[in-house]
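Chemist: Submitted below is the structure of interest, expressed as structure tokens.
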Amino acid sequence: MYLFSIAPMSSSRNNIMKLSLPRYLIFLIILMFVVQMQAFALNNFCGRFLGRTALRKQRNLLGQQAIISCQLGRSNDNNLDKGFNLLGGSIIPQGLVVGTAKEGWKFAWRRMMAELAPQDKEGNYKRPTYGFTNMIGASSFPDDSNRYHLYTGNPCPWCHRAVLTVKVLRLTDEQITLTRLEDNPVKASRGGWVFSANQPDPIYKCRDLRGLYDRLSGGGYEGRCTAPLLVDKKQRKIVSNESSDIVRALNRAKLGNQNHDSRIDLFPSELETQIKETNEWVYTYLNNGVYRCGFATTQAAYNKASKDVRNGLERCNTVLSKNAFIAGDVFTEADIRLLPTILRFDGAYAPLFKAGGVHVRVRNYPHLHKWLQRCWYEVDGVSESIDIPDACASYYRSLFPLNPGGIIPTQASISDIVG
């Protein structure tokens, strides 16, 4: 469930949608070339109707502009970079330059957004489904100790659900082992997860998560290479890559723990209905709502998603004005599913995804903010589950269609977010 994963191409898409990332960059270069060629064409057209003196002046001016363009528009003191100086000339109409660049950039951006996050015809983000949904305890995946391995990544909120579960339940390395992946879409052959030198792949020594999926699937894997990924080490088979199922499975499984019944239960039977109902609206309004904001490609799609996010935050605030936790008076699976979104909200979802509006912050909802503090400081394992500055910075590093300049803002600290 990696939020930066790029889906495999469908054969029904047209050619431009099948372009790989380097070809998109080539496309942008060609676009700029076309803009300059339009300028030259316009100049030649004008020259046919002007006298020789005027034409010589234009050629001199064009030559000066070419020199400026080649020097990246630097001023005489060589200290200022003015780009290609396309907006500073008198030959090329500014409207032509701006309009062509704007529409070309928007076209390329929408194509990349569709690669990053599948869209419907109205520009709404549609989250893909996941192909592995087995459970520990099924006949093919026995509930044994030291049998399962969990691959996760710090930036990903869906991975964070699984890590939170491991930390809160205090699962040991004898029960389940973990590998923390590195998010690097440039190095990854598909998706965005690679193995680092500090935490290599313990099963097949693969270079990236795609390689692992391929080996575990018997070769030729064409699906999405997402995390979290739960693997049976003994059979070398994928159990699940659906975070909701992984959380539920880890809560139910004993994994060799004889004192299983004495630990916290994240899905108590008396709150089962409340937890399921809460999970539904939290996912729609917040877990997925923030991504619907960030990945929307039309104003209407964004407006609807942003309204849902605000409604979700307000609903959380109302519920938490009466309860200590989101589904009642005890910490449950519902809190596990809400926490990753709220912890990333101020640092990434509001400023980068514009979720609910760039001005919205968790502190605007006092009961929600108190719940966040309660979870962080009072629930064992929560504060050990994430590096918040690194997680938020990753959104700015990796989601280049949303942050093409790659500038990472000063990151909020734990005290800034939690208080």
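The values are calculated or read from the model by the stated rules, or taken from the named source; none is laboratory data. These figures come from a predicted structure and were not determined experimentally. Note: ideal-geometry Cβ built from the backbone for every residue, glycine included; neighbour counts use all protein chains shown. Just the protein is used for accessible areas: all its heavy atoms, side chains included, with ligands, DNA and RNA removed. Shrake-Rupley method; radii C 1.70, N 1.55, O 1.52, S 1.80 Å.
Chemist: So for region 93-223, what are the equivalent ellipsoid semi-axes in whole Å, largest first, each being the square root of 5 times an eigenvalue of the Cα gyration tensor?
Modeler: Taking √(5λ) for each Cα gyration eigenvalue gives 39, 17, 16 Å.
Chemist: Here is a further query. On the protein heavy atoms, probe 1.4 angstrom, tell me the percent of accessible surface of region 218-331 carried by carbon and sulfur. Don't skip to the answer; put the middle values down first.
Modeler: Values: 2190 of 5000 Å².
Answer for region 218-331: carbon and sulfur cover 44 percent of the accessible area.
Chemist: Can you give me the three principal axis dimensions of region 234-335 from its C-alpha atoms, in Å, biggest first?
Modeler: Each principal axis gives a Cα extent; for region 234-335 these are 53, 41, 16 Å.
Chemist: Hey, which aspartates and glutamates would be in cross-link range of Lys237, C-alpha to C-alpha under 14 Å, not counting anything within fewer than 8 residues on its own chain?
Modeler: In chain and number order, the partners are Asp214.
Chemist: Hey, if you put +1 on the Cβ of every Lys and Arg and -1 on every Asp and Glu Cβ in region 176-309, which of Val309, Ala253, Tyr213 ends up farthest toward the positive end of that dipole?
Modeler: About the Cα centre, the residue reaching furthest to the positive side is Tyr213.
Chemist: Ignoring everything but the protein chains, give the 1.4 Å probe accessible area of Phe195 in square angstrom, nearest 10.
Modeler: The value for Phe195 is about 30 Å².
Chemist: So, one more: Apply the a/c threshold of 1.5 to the C-alpha gyration tensor of region 283-419 and tell me whether it is rounded, prolate or oblate. Write out the running numbers ahead of the final one.
Modeler: Numbers: a/c = 2.11, a/b = 1.32, b/c = 1.59.
In terms of gyration-tensor shape, oblate.
Chemist: Ordering Arg374, Arg292 by accessible area with a probe of 1.4 Å, largest first, what comes out? Each step should come with its number before you reach the end.
Modeler: Values: Arg374 65, Arg292 40 Å².
The residues order as Arg374, Arg292, largest area first.
Chemist: Quick one: compute a quarter of the convex hull surface over the Cα atoms of region 184-242 and quote it in nm².
Modeler: Working: hull surface 15.7 nm².
The directionally averaged projection comes out at 3.9 nm².
Chemist: Follow-up. Ignoring ligands, DNA and RNA, how do Val319, Val358, Val194 rank by accessible area with a 1.4 Å probe, largest first? Can you show the working numbers first?
Modeler: On the way: Val319 35, Val358 80, Val194 5 Å².
My answer, sorted largest first, is Val358, Val319, Val194.
Chemist: At 1.4 Å probe size, with no ligands or nucleic acids counted, give the accessible surface of Ser413 in Å², nearest ten.
Modeler: Its heavy atoms expose roughly 40 Å² to the probe.
Chemist: Moving to a separate point now. Once ligands and nucleic acids are excluded and a 1.4 Å probe is used, how much of Cys293 is accessible, expressed in Å² to the nearest 10?
Modeler: Cys293 has an accessible surface of roughly 10 Å² with all protein chains in place.
Chemist: State, as an integer percentage, the relative contact order of region 279-407 based on alpha-carbon contacts under 8 Å between residues 6 or more apart. Write out the running numbers ahead of the final one.
Modeler: Numbers: 144 pairs, mean separation 32.0, N = 129.
Once divided by the residue count of region 279-407, the mean separation gives 25 percent.
Chemist: Beyond 11 Å, how much of the Cα-Cα pair distribution for region 263-308 remains, as a whole percent?
Modeler: 68
Chemist: At a Cα cut-off below 26 Å, give the lysines reachable from Lys233, other chains included and same-chain residues fewer than 8 away excluded.
Modeler: Result set, ordered by chain and number: Lys167, Lys187, Lys205, Lys254.
Chemist: Let me ask something else about it. Grab the other residues whose beta carbon is less than 10 angstrom from that of Arg252, score K and R as +1, D and E as -1, and report the net.
Modeler: Working: positive: Arg248, Lys254; negative: Asp143, Asp265.
Charge balance near Arg252 sits at 0.
Chemist: Distance check, please: which entries in Lys121/Lys307; Lys82/Lys304; Lys126/Lys234 exceed 28 angstrom between their Cα atoms? It would help to have the intermediate numbers written out before the result.
Modeler: Numbers: Lys121/Lys307 20 Å; Lys82/Lys304 39 Å; Lys126/Lys234 35 Å.
As for pairs spanning more than 28 Å Cα to Cα, those are Lys82/Lys304; Lys126/Lys234.
Chemist: Hey, how many Å between the Cα centroid of region 113-185 and the Cα centroid of region 335-411?
Modeler: Taking the Cα centre of each part, region 113-185 and region 335-411 sit 19 Å apart.
Chemist: List, in order, the whole-Hz ³J(HN,Hα) value for each residue of region 214-220 obtained from phi through the Karplus relation with A = 6.51, B = -1.76, C = 1.60 and θ = phi - 60°; use x for Gly and Pro.
Modeler: For region 214-220, the Karplus-derived couplings read 5, 5, 5, 9, x, x, x Hz, x marking Gly and Pro.
Chemist: Which sequence of Thr172, Thr273 reflects their accessible areas, 1.4 Å probe, from the largest down? Spell out each step's value before the answer.
Modeler: Details: Thr172 60, Thr273 95 Å².
Sorted by accessible area, descending: Thr273, Thr172.
Chemist: Count the net charge of all other residues whose Cβ sits under 12 Å from the Cβ of Ser394, scoring Lys and Arg as +1 and Asp and Glu as -1. Write out the running numbers ahead of the final one.
Modeler: Numbers: positive: Arg344, Arg397; negative: Glu182, Asp183, Asp387, Asp390.
Result for the neighbourhood of Ser394: -2.
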